[in-house]
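What follows is one structure encoded as structure tokens, with my remarks underneath.
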Amino acid sequence: MSSHNDTVTIAPEAVHLAKGSVWRLLPILGVVLAAAGLGGAFALRGEHHHEFWFAYLVAWYTFLAIGLGGLFFVIIQHLVRAGWSIAVRRLAENVAITLPVLCLVGLPVVLFGMHDLYHWTDTAAVDADFMLSNKKGYLNEGFFQIRVGVYFVIWSLLSLLFYRWSTTGDDDAERAARNADTARGFAAPALFLFALSLTFAAFDFLMSLDPHWFSTMFGVYYFAGCCLSIHAFLTLVSIFLRKSGYLKGVVTDEHYHDLGKYMFGFTVFYSYIAFSQYFLIWYANIPEETIWFGYRIADDFLPLTYLLCLGRFPIPFFFMLPRAVKRNAWTLGIIASWILFMEFVDMYWVIQPVLAHHHAMASGDHHMTMHLGPLDALTLVGVLGVFLAAFGWALGRKALIPVKDPRIAESIKFENF
Amino acid sequence: MSKPSKKKVYGLLAEYDSAAGVFHACEQVRDAGYSAWDSHTPFAVHNLDKAMGLKPSVLPWIVFAMGMTGAISAITLQWWTSAVDYPIIIAGKPYFSWQAFVPVTFELGVLLSAFGAVFGMLGLNRLPMWYHSLFNSERFHRFSDDKFFIAIEARDPKYDPERTRKLLEASGAAHVEEVED
């Protein structure tokens, strides 16, 4: 039965966090975690500047994946004028609005961490290296900082714009309808900006850790992780919100089902991209390309590679295959947590072998040793805290759904076949 | 010309004016315990499967079995041809280079899944079907236009010309007729 012209009555207490709600403590918890984590890591770093910055980059990029995923989710749902997603779109907007804060977390990487992270900032080494001196036009500190500034401005601006268009319509249905049109019109150029900035940021922050290596698929590889992370995070948050009595009759099993379908779809997408990247390099067998995978299947990192391969494809794929799994809060919550955990594993797998290789060369035994210590845990907790503080603040600030969106009724009544 | 005495009854056909009408009628027919019956609507009506009490389709299992068959046979074929029957070194790589076999494995898995979905669907719907008794009814032709129908077959063990007709009329049917087989 068509539901397009129907209206729904939404109970205000279902979509607004209550005064004494535990959710209101989220920003405080976040700030405590951030201070403890980042402060602890900073205090513990001692002489281990490399370890600190590599761990910091892993933590930052893990949560950046959720933030950027949130921005992508908002843009794409506007662009295609999706109906089902409006009930969870505000949650994604709250995720996207963490981006300005996450950009601040990234600022120290550019300002203080560059020399510990990026080999190509060593001008003497670059001049002595034929390949790197040829890349100097792109890989130099000044241009790097300009590019990063541009990414941060794009991400912050886009998230703020879409957030404002959505929230300013909360009291005024007419304005909400107008804003929805504006957002849809702007979604296409926004997607362009988003795609380019995300791709080049992945090149700059992650791929240039190993400046000899290159893969044109690297940007979309990271993008696949972003998509997985945001759908997993939205799933978890809506499950927890529903368990604590919010969003009753607003976010339904039907929305779980769709979020599950997206997690499933992007699991396949990620695997397709990740395998394609590996496959081309494996087939061509050119040393300067294969060495990147060489580090990651060497010594300590081989089990991690197996975990990545299994945990990113066969486990979530077969687990999420049945319809019932995607309609049950428990099973869906388990796999969503797993996907978020695997995003961390993925970032660790991309970033840390570079440092391990550096150590292997310096120590002379050429053994790739995997370190997982307090610095990794503390930075992860710290950036999680920052993320939760920003997200929790946004969550309590406005309604949990865009209450006056012209098609909110359609979204709430949405049903799968 | 067919003789009236040889006329065989297919079942009863009830016509409804709205999707909501047929939806609630389906619930009543379901609750009355009929098994050999179906509903016909010009467009997909959400949750009609639940109103009819239909069990989930077995189609996903067919697709899964076909997909797995495709993937396993593809990898087996490539292993056997490249590593057993005619081993040949390509680009200095091992005979059984699974990486090189993934695309074909993936494609054959997808292909057989799609076959399973399409032909499984046709098979479960018993299509193509060249004759269906319901088209003996003039009124039924509007099922693809603006009318909604429920047809209860005479072979249903619960079927009784009088009581079934009463049930359909009570469920809000605009018109109930007997259809020839």
*Specify the residue that is farthest from the other protein chains (Cβ to nearest Cβ); the eligible residues are those in the range A:260-292 that are among the small types (Gly, Ala, Ser) and either in contact with a strand residue (DSSP E or B) (Cβ under 9 Å, 6 or more places away or on another chain) or in contact (Cβ under 8 Å) with a residue 40 or more places away in the chain (or both).*
A:GLY260
*Count, please, the residues in the range B:27-77 that happen to be of a type outside the set (Val, Ile, Thr), assigned to a loop (DSSP other than H, G, I, E, B), within 12 Å of chain A (Cβ to nearest Cβ) and open to solvent by less than 60 Å² (accessible area, probe 1.4 Å).*
2
*Residue tally, condition within 14 Å of chain B (Cβ to nearest Cβ), closer than 15 Å to A:HIS231 by Cβ and either touching a residue at least 40 places away in the same chain (Cβ under 8 Å) or in contact with a His (Cβ under 9 Å, 6 or more places away or on another chain) (or both), over the range A:293-326*: 4
*Going through the range A:229-249 one residue at a time, which ones are assigned to a helix (DSSP H, G or I) and either of a type in the set (A, V, I, L, M, F, W, C) or touching a Cys at 6+ places or on another chain (Cβ under 8 Å) (or both)?*
A:ILE230, A:ALA232, A:PHE233, A:LEU234, A:LEU236, A:VAL237, A:ILE239, A:PHE240, A:LEU241
*A:THR235, sole failed condition from (1) among the polar types (S, T, N, Q); (2) away from chain B (no Cβ under 14 Å); (3) exposed (fewer than 14 other Cβ atoms within 10 Å of the Cβ)*: (3)
*Of all residues in the range B:158-181, which are of a type in the set (S, T, N, Q) and either touching a helix residue (DSSP H, G or I) at 6+ places or on another chain (Cβ under 7 Å) or more than 19 Å from B:ASP31 (Cβ to Cβ) (or both)?*
B:SER171
*Sort through A:LEU139, A:LEU157 and tell me the only one that's surrounded by 14 or more Cβ atoms within 10 Å (Cβ to Cβ) and assigned to a loop (DSSP other than H, G, I, E, B).*
A:LEU139
_Being assigned to a helix (DSSP H, G or I) and either in contact with a Gly (Cβ under 7 Å, 6 or more places away or on another chain) or surrounded by fewer than 17 Cβ atoms within 10 Å (Cβ to Cβ) (or both) is the requirement here; does A:ALA409 meet it?_
no
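Taking the conditions exactly as written (surrounded by 23 or more Cβ atoms within 10 Å (Cβ to Cβ) and more than 14 Å from chain B (Cβ to nearest Cβ)), does A:TRP53 satisfy them or not?
yes
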*Mind checking which residues of the range B:105-152 are aromatic (Phe, Trp, Tyr) and under 20 Å from B:MET68 (Cα atoms)?*
B:PHE106, B:PHE115, B:PHE119
*Regarding A:ALA324, is this residue open to solvent by 40 Å² or more (accessible area, probe 1.4 Å) and not basic (Lys, Arg)?*
yes
*Filter result (in contact (Cβ under 8 Å) with a residue 12 or more places away in the chain and part of a helix (DSSP H, G or I)) within the range B:78-99*: B:GLN78, B:TRP79, B:SER82, B:ALA83, B:TRP98
*Verdict on B:SER133 being touching a residue at least 40 places away in the same chain (Cβ under 8 Å), away from every other protein chain (no Cβ under 14 Å) and surrounded by 14 or more Cβ atoms within 10 Å (Cβ to Cβ)*: yes
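The values are calculated or read from the model by the stated rules, or taken from the named source; none is laboratory data. Predicted model, so just to flag it, every value in this text is computed and none were measured. We place every Cβ from the backbone using ideal geometry, glycine too, and count neighbours over all the protein chains shown. Just the protein is used for accessible areas: all its heavy atoms, side chains included, with ligands, DNA and RNA removed. Shrake-Rupley method; radii C 1.70, N 1.55, O 1.52, S 1.80 Å.
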